[in-house]
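In what follows, a structure is listed as structure tokens, so that the remarks can point back to it.
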Amino acid sequence: MSTTIPIPTNFALQVNAQSAYFHTSKDEIEKVAKKDGYRVSTEMKMVGETMNIIYYLKKDDIVIRVGYVPDMDKPAYIHYREE
């Protein structure tokens, strides 16, 4: 037995996409981002009691911040912003 459920034509869809850099190690991020056409700069910043290595990936009006903490190889966070 199957059931058909009507879908309204005026519905809103919210999508949370995973970043292409989610699985990129801190040893590879600069090389991969430059290959994708981003300008890359780096900042060491203390956040609370933890030192963060923040990579700023910039292209056109998009800035992606990819943050790593010393004990982790993969990003601790990724933040997108349009300027």
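The values are calculated or read from the model by the stated rules, or taken from the named source; none is laboratory data. Bear in mind the structure is a predicted one, so any value in this text is a computation, not a measurement. Note: ideal-geometry Cβ built from the backbone for every residue, glycine included; neighbour counts use all protein chains shown. Note: accessible area is taken over every heavy atom of the protein model, side chains too, but ligands, DNA and RNA are not part of it. Shrake-Rupley method; radii C 1.70, N 1.55, O 1.52, S 1.80 Å.
Here are the numbers for this structure:
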{"quantity": "43, 49, 83, reordered so the largest accessible area comes first (probe 1.4 Å)", "calculated": "49, 83, 43"}
{"quantity": "Charge dipole (debye, nearest 20) of the stretch 41-83; +1 at Cβ of Lys and Arg, -1 at Cβ of Asp and Glu", "calculated": "40"}
{"quantity": "Residue 62-residue 27 FRET efficiency (beta carbon distance; Förster radius 22 Å; 0.05 resolution)", "calculated": "0.40"}
{"quantity": "Net length gained if the chain between residue 81 and residue 44 were fully extended (0.36 nm per residue, minus Cα distance)", "calculated": "11.4 nm"}
